[in-house]
Amino acid sequence: MPRILIVDDEPMIRTTLREIFEYEKYEVDEAVDAKKALKMIEKREYKAILSDIKMPDMNGIEFLEELQERDSPIPVIMITGHGDIETAVEALKKGAFDFIQKPLDLNRLLISVRHALEKDQLVRETKNLKKKVNKRYEIIGKSPSIENVKKMIERVAPTNTRVLITGENGTGKELVAHWLHEKSNRSTNPFIEVNCAAIPSELIESELFGHEKGSFTSAIKQRKGNFELADNGTLFLDEIGDMNLSAQAKMLRALQENKITRVGGEKEIPVDVRVIAATNKNIAYEIENKRFREDLYHRLSVIVIHVPALRERIDDIPLLAKHFMEQIAEEENMSPRSFTKEALEELKKLPWKGNIRELRNVIERFMILCDKTITKEDVWKHAFTYN
């Protein structure tokens, strides 16, 4: 059952609350003051805390502030007397979950604790989900080239600066974009990804800027575009080099004015979006051949982050291989395979034309086709699907 902590300097109140919650099948601990409560929190996990406001040495507000500094996720319900309403409101502003007036209303108290437990569960589930997502997008490697990418992310992410990510197919440009968002001040807002190469040229403007009902044959209702959906967040334009010139012109205007107009519409819609773009193309060559606007390139490339090809960071291959093996084993509910030293050295000799993406596919193939230990013979047998 959930364990809660009661913090109050009055023994009678602690005893009454203990009896109430133990009757409701909760596990209950008591603390006579806030300092003792802080020590108990270090040793045990609590799902909720009930704390008096008026206590000696450290009052309830100071206790709450200390929990905030420790980044504690435990919801705190403040118990207050009639004359402490202003203090209770201050507590809510500082992060308390709720406050209950004395004399205590039993039903209100039980409902508040139940809601606090639901919030605690939701917060923990959200954190676990975020950890799993972040693990999926983890950038693996210790080579100088990839360490340089990580340093650039740390430096650039907190700003609103536009970033152009370059690199071959399969190098992990989307991971860089994800972390630029995750480490930014916009991380709690949307991250919208658009693959410009996967959208037909006649639909790209509608996808980005939205459309009004009746603006073209299949526009049966109004639709928001990705710029609007990413408002206050990040818009990641993957394979920007494949965007047609008409859409590029509209993109340039959106970046210049922070406003968009839906296809078939006249109203200007303000947007606050950080744009991150990526391409595997040589943009200088595309500009020279009139397939990409030079002015748009300069708007997008305030910062350029180049993601190295796998053949440029072969010392990272053993780390990547083991990481993908563990990841795939978890996804497929299988036992991970191990690698012999010779197998890992053999992997480093391969050309890796498909970069990280190809390596992950090869590791998945090993997981399915090989026994517990992957040898260099397994690499010779299963690593190639072409060449």
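Values as computed for the structure displayed
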item: Qualifying residue in the stretch 362-369 (condition: loosely packed, with under 13 Cβ neighbours inside 10 Å and not in a loop (DSSP other than H, G, I, E, B)); result: yes
item: In the stretch 225-258, the residues that are assigned to a loop (DSSP other than H, G, I, E, B), touching a Phe, Trp or Tyr at 6+ places or on another chain (Cβ under 9 Å) and closer than 25 Å to Asn185 by Cβ; result: Gly225, Ala230, Gly233
item: Residue match in the stretch 368-382 (condition: within 24 Å of Leu175 (Cβ to Cβ) and touching a residue at least 24 places away in the same chain (Cβ under 8 Å)); result: no
item: Which numbered condition Trp352 fails, given (1) surrounded by fewer than 19 Cβ atoms within 10 Å (Cβ to Cβ); (2) of a type in the set (A, V, I, L, M, F, W, C); (3) within 24 Å of Thr166 (Cβ to Cβ); (4) not assigned by TED's automatic domain parsing to the domain that holds Thr161; result: (1)
item: Among the residues listed as Ile303, Ile269, the single one being assigned by TED's automatic domain parsing to the domain that holds Trp179, at pLDDT 95 or above and under 25 Å from Phe191 (Cα atoms); result: Ile303
item: Any hit, the stretch 95-103, residues being loosely packed, with under 12 Cβ neighbours inside 10 Å and at pLDDT 85 or above; result: no
item: Failed item in (1) under 30 Å from Lys353 (Cβ atoms); (2) touching a helix residue (DSSP H, G or I) at 6+ places or on another chain (Cβ under 9 Å); (3) outside any strand (DSSP E or B); (4) hydrophobic (A, V, I, L, M, F, W, C), with Val194 passing the rest; result: (3)
item: So Pro318, is it surrounded by fewer than 18 Cβ atoms within 10 Å (Cβ to Cβ), farther than 25 Å from Arg136 by Cβ and either within 28 Å of the chain's Cα centre (by Cα) or modelled with pLDDT under 95 (or both); result: no
item: Residue, farthest from the chain's Cα centre (by Cα), within the stretch 70-94, restricted to residues that are of a type in the set (A, V, I, L, M, F, W, C) and crowded, with 19+ Cβ neighbours inside 10 Å; result: Ile79
item: Filter pass, Ile53 being assigned by TED's automatic domain parsing to the domain that holds Gly95, among the aliphatic types (A, V, I, L, M) and within 18 Å of His115 (Cα to Cα); result: no
item: Search result, residues across the stretch 295-311 that are in a helix (DSSP H, G or I) and buried (at least 16 other Cβ atoms within 10 Å of the Cβ); result: Leu296, Tyr297, Arg299, Leu300, Leu310
item: Hits in the stretch 18-51 - residues which are over 21 Å from Arg124 (Cα atoms), touching a helix residue (DSSP H, G or I) at 6+ places or on another chain (Cβ under 8 Å) and either touching a residue at least 60 places away in the same chain (Cβ under 8 Å) or among the hydroxyl-bearing types (Ser, Thr, Tyr) (or both); result: Ile20, Phe21, Glu24, Ser51
item: Selection from the stretch 279-294 of residues that are out of contact with any helix residue (DSSP H, G or I) (no Cβ under 9 Å at 6 or more places or on another chain) and either surrounded by 13 or more Cβ atoms within 10 Å (Cβ to Cβ) or under 21 Å from Val307 (Cβ atoms) (or both); result: Tyr285
item: Residue count for the stretch 142-173, restricted to those that are in a helix (DSSP H, G or I) and either closer than 20 Å to Arg274 by Cβ or under 18 Å from the mean Cα position of the chain (by Cα) (or both); result: 9
item: Filter result (under 17 Å from Leu64 (Cα atoms) and of a type in the set (Val, Ile, Thr)) within the stretch 1-37; result: Ile4, Ile6, Val7, Val32
item: Restricting the stretch 41-57 to residues that are assigned to a loop (DSSP other than H, G, I, E, B) and surrounded by 17 or more Cβ atoms within 10 Å (Cβ to Cβ), the residue that is nearest to the chain's Cα centre (by Cα); result: Lys47
item: Conditions (1) under 21 Å from Asp272 (Cα atoms); (2) of a type in the set (Gly, Ala, Ser); (3) surrounded by fewer than 16 Cβ atoms within 10 Å (Cβ to Cβ); number of the one not met by Ser218; result: (1)
item: Enumeration of residues in the stretch 169-209 that are among the acidic types (Asp, Glu) and crowded, with 19+ Cβ neighbours inside 10 Å; result: Glu205, Glu207
item: Which numbered condition Glu239 fails, given (1) farther than 20 Å from Ile165 by Cα; (2) surrounded by 18 or more Cβ atoms within 10 Å (Cβ to Cβ); result: (1)
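The values are calculated or read from the model by the stated rules, or taken from the named source; none is laboratory data. Worth saying up front: this structure is predicted, and the values here are computed from it rather than measured. With ideal geometry, Cβ positions are generated from the backbone for all residues, glycine too; neighbour counts draw on all protein chains shown.
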